[in-house]
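Report on one structure; see the data block that follows.
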Amino acid sequence: MLDVKIQPIISQDQADTGNSARKLQELKEVAEKFEALFVEELLKSSRDSSLASDLFDSEHSDTYKSMLHREYAVSVATNTPLGIAEALTDQFSNRLR
């Protein structure tokens, strides 16, 4: 008989490492989205508490401002983070399996 051993392309340890890296990346993305949502809520609260009203205040301008603040929030969360995403990632990364 001929003994033939087939070696796996990657070992189980390498597969686990790749899986862990993928999960960590997903955790970072979710944490960044949470930070963006948090910043968006801060901006929304500041907009709602504004004492002055615009001369041309309308439903359309409110929609535009809401969209603009959402883009600001995403930009802040990705380019100049507040540290919320990093703290969440640090806290929950040890729970990845």
Residue match in region 58-71 (condition: at pLDDT below 80 and among the β-branched types (Val, Ile, Thr)): no
Scope region 1-35; condition modelled with pLDDT of 90 or more and among the β-branched types (Val, Ile, Thr); matching residues: 30
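The values are calculated or read from the model by the stated rules, or taken from the named source; none is laboratory data. Keep in mind the model is a prediction, meaning the values are calculated, not measured.
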